[in-house]
Amino acid sequence: AQKVTQAQTEISVVEKEDVTLDCVYETRDTTYYLFWYKQPPSGELVFLIRRNSFDEQNEISGRYSWNFQKSTSSFNFTITASQVVDSAVYFCALSEGGPGAGGTSYGKLTFGQGTILTVHP
Amino acid sequence: ETGVTQSPTHLIKTRGQQVTLRCSSQSGHNTVSWYQQALGQGPQFIFQYYREEENGRGNFPPRFSGLQFPNYSSELNVNALELDDSALYLCASSLQGGRYEQYFGPGTRLTVT
């Protein structure tokens, strides 16, 4: 069974600090996809990034960066120079596929428990 | 481009009743997935619909059922409501089932008393 673990339940930082959110996953699939989503207080999950299992290149998008390491089954997320607007719950997720209707595969997302990030001014 | 919309925003029901939640997918998306998110937890996959057929199901009892319409909008129906069904229900749309990114709506907060 697939599993995603976010060991950090809550993180509190002061604005402009860098912060890293950890994500460890388990899967038997050789092909899989990893995601990060942000959930602000409004409740809507906001897509941040998708990474497939064959692409271990780190990615940077503005103040956000992601470090994918298959050897340790980790997909960590770093926010540089955090801002108050970054305060939210962050979820790491793993895509699980299987045979679906009409020969397609379906993408069930398995989420971690989430990390509550609070950035203080 | 219109995003994913859900209705209603909030709903209060009594144990044993039935409820229908609605979702309109993002323009161009033909796949809709439903998730249940209990307070303080990550979302749990209920099922996915692709081209009007159920395309995968999570570990939820048969009293959770759904539909997808020709315009790719979707409904989630829950019969015989239980107190534990109280949660945020999230709908997500994506392309072609599979492993593409899923875009979520704002959710429906269901409270069962």
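Here, each number is a calculation from the coordinates, and none is a lab measurement. What you see is a predicted model, and the numbers here were worked out from it, not measured in a lab. Heads up, the Cβs are rebuilt from the backbone with ideal geometry, glycines too, and the neighbour counts pull from every protein chain shown.
For this structure, a couple of remarks:
- Kirkwood estimate for chain B, i.e. one over the average of 1/r between Cα atoms, Å: 13.8
- Close amide H partners of A:I49, meaning residues 5 or more places away or on another chain with modelled amide H under 5 Å apart, are A:W36.
- Restricting the calculation to Cα atoms, every distinct pair contributes to the Kirkwood radius of chain A, found to be 14.9 Å.
- Chain B, relative contact order [Cα under 8 Å, separation at least 6], %: 37
- Peptide B:32-45 - average C-beta neighbours from other chains (10 Å radius): 4
- Dividing the convex hull volume of the alpha carbon atoms of the protein assembly as shown by its residue count gives 127 Å³ per residue.
- Taking every residue in B:51-60 and counting other chain Cβ atoms within 10 Å of its Cβ, the average works out to 4.
- Averaging the Cα positions of each part gives two centres, and for the range A:15-71 and the range B:23-97 these lie 24 Å apart.
- For the segment A:38-47, counting C-beta atoms of other chains within 10 Å of every residue's C-beta and taking the mean gives 5.
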